[in-house]
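Heads up: the structure comes next, in C-alpha cells.
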Amino acid sequence: MLKALKVTLIVFGVVEILFGLGFIFFMQEWGEMLGFEKGPDYILYIGALLGLTLIPVSVFLIAAARDPLRNINWVKFALIWSIAGVIAGLYAAIRN
C-alpha cells in the first residue's frame, strides 16, 4: 500500500510538471486546441504564472514520495488538490 502511494505521488508530480511546462510554453496552442479565441496578452502571463506555480509544488510532491509517512502533510495536500481539481472539472462540465 505504501509503495502504491509512493508511485502515485511520483506519477502525479511528473504529470503536473508536464502541465506546468505546457502552461509556460504552449498556453496559446492549448487555448486554440480547446476552441478559445486569442485573448489579451495577460492571459499568457497568467498561464505562465500557473505553470511556474505547478512545477515547484510538483517537485515537493515527488520529494515527499520518498517517505510519505514523514511528509504526511504533503500527501494530504496532494489529496485535497486532486479532489479540488475534480470538483472544479465537474463544475465546469455542469456549467458547460
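The values are calculated or read from the model by the stated rules, or taken from the named source; none is laboratory data. Given the structure is predicted, the values throughout are model-derived calculations rather than measurements. Neighbour counts are summed over all protein chains in view; Cβ atoms, including those assigned to glycine, are modelled from backbone coordinates with ideal geometry. Surface accessibility is based on the protein's heavy atoms, side chains included, excluding ligands, DNA and RNA. Shrake-Rupley method; radii C 1.70, N 1.55, O 1.52, S 1.80 Å.
Would you pick out the residues in the range 30-49 that are under 20 Å from the mean Cα position of the chain (by Cα), farther than 19 Å from residue 17 by Cβ and open to solvent by less than 80 Å² (accessible area, probe 1.4 Å)?
Once the filter is applied, which keeps residues that are under 20 Å from the mean Cα position of the chain (by Cα), farther than 19 Å from residue 17 by Cβ and open to solvent by less than 80 Å² (accessible area, probe 1.4 Å), the range 30-49 yields 31, 43, 44.
Does residue 9 fit the bill of being surrounded by 14 or more Cβ atoms within 10 Å (Cβ to Cβ), over 21 Å from residue 92 (Cα atoms) and over 13 Å from the mean Cα position of the chain (by Cα)?
Judged against the criteria, residue 9 is not a match.
Would you call residue 52 under 17 Å from the mean Cα position of the chain (by Cα) and open to solvent by 50 Å² or more (accessible area, probe 1.4 Å)?
Yes: the conditions hold for residue 52.
Could you list, in sequence order, all residues of the range 67-96 that are of a type in the set (S, T, N, Q) and under 14 Å from the mean Cα position of the chain (by Cα)?
Listed by number, the list holds a single entry, 82.
Is it true that some residue in the range 25-48 is touching a Lys or Arg at 6+ places or on another chain (Cβ under 8 Å) and at pLDDT 90 or above?
The answer is no; no qualifying residue exists.
Would you check if there is a residue in the range 50-61 being at pLDDT below 90 and in contact with a Phe, Trp or Tyr (Cβ under 8 Å, 6 or more places away or on another chain)?
no
Does any residue in the range 80-96 that is of a type in the set (S, T, N, Q) come within less than 8 Å, Cβ to Cβ, of a residue that is modelled with pLDDT under 95 and in a helix (DSSP H, G or I) six or more places away or on a different chain, and which pairs are these?
Sorted first by the residue in the range 80-96, then by its partner, the pairs are 82/12.
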